[in-house]
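Colleague: First the structure, which I've put down as structure tokens, then a few questions once you've had a look.
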Amino acid sequence: MNVSSMLALLTVGFTVTMTSHPAFTETADTAVEPLVLRKIMRELGKNMQQISDSIARENWALITKIALRIADHPKPPLTEKIRILAFIGSDAGKFRDYDEKTHQAGQELRRAAMQEDRTEVISAFATLQESCVTCHQSFRKSFQENFYEQR
Ligand code: HEC
């Protein structure tokens, strides 16, 4: 027996076990652990709100601090990174470029805030926001389908 037919058999066996076991199918909907990436993203979302609020208050010191958190945002653990890379495959370079753009835009915003340059802060904030949305447009939906939705 070759490898692919062995794999096919294993897959069939697994599917049968899962569907014929009521307890397993019942928990399957809720068993999906959210990615650490999602937590990191939520934090980024909060950071953006704080910055938007701080622009209105012209609190440059706070923007300086929070922009650095965005620029140095944490990465998911290695095991999750491997899962993500395995999923995005040949799009990995694109994903990295988008991430790099966000890091850079965070640094730009930080510099502008340090100089207390309102116009530059607003423009850097817009660039930063654009960098978030660009990646979301390419990846968010497929992550949702791959990592969360039951097949
Ligand atoms: C390199 C790609 C990439 C960049 C850059 C990026 N994101 Fe995300 N973001 C994602 C992906 C992928 C998801 C979906 C994650 C998930 O659902 O597990 C996501 C989801 C989110 C969510 C939704 C989280 C939830 O509760 O479902 C928020 C909020 C968010 N990102 C904020 C941001 C902000 C703010 C920035 C920029 C400062 C940013 N992201 C930059 C890829 C990116």
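Colleague: Determine the pairs where a residue that is free of Cβ contacts under 8 Å to residues at least 12 places away in the same chain and away from the ligand (no atom under 11 Å from the Cβ), located within region 53-78, has a partner that is of a type in the set (S, T, N, Q) and outside any helix (DSSP H, G or I) with Cβ atoms under 9 Å apart, the partner being 6 or more residues away or on another chain.
Modeller: Between residues of region 53-78 that are free of Cβ contacts under 8 Å to residues at least 12 places away in the same chain and away from the ligand (no atom under 11 Å from the Cβ) and residues that are of a type in the set (S, T, N, Q) and outside any helix (DSSP H, G or I), the close pairs are 53/59.
Colleague: Return yes or no: is residue 130 assigned by TED's automatic domain parsing to the domain that holds residue 38, open to solvent by 90 Å² or more (accessible area, probe 1.4 Å) and either near the ligand (Cβ under 10 Å from one of its atoms) or basic (Lys, Arg) (or both)?
Modeller: Taking the combined requirement at face value, the residue satisfies it.
Colleague: Something else now. Being among the charged types (D, E, K, R), closer than 27 Å to residue 34 by Cβ and open to solvent by 80 Å² or more (accessible area, probe 1.4 Å) narrows it down to one of 57, 69, 118, 111, so name that one.
Modeller: Exactly one residue qualifies, and that residue is 69.
Colleague: If you check residue 37 against the conditions, is it within 13 Å of the chain's Cα centre (by Cα) and within 11 Å of the ligand (Cβ to nearest atom)?
Modeller: Judged against the criteria, residue 37 is a match.
Colleague: Could you please let me know if residue 42 is closer than 17 Å to residue 148 by Cα, open to solvent by 90 Å² or more (accessible area, probe 1.4 Å) and part of a helix (DSSP H, G or I)?
Modeller: It is true that residue 42 is closer than 17 Å to residue 148 by Cα, open to solvent by 90 Å² or more (accessible area, probe 1.4 Å) and part of a helix (DSSP H, G or I).
The values are calculated or read from the model by the stated rules, or taken from the named source; none is laboratory data. Nothing here was measured: the structure is a model prediction, and the numbers come from that model. A quick note on method: Cβ atoms are made from the backbone with ideal geometry, for glycine too, and the neighbour counts reach across all protein chains shown. These accessible areas exclude ligands, DNA and RNA; they are computed on the full protein's heavy atoms, side chains included. Shrake-Rupley method; radii C 1.70, N 1.55, O 1.52, S 1.80 Å.
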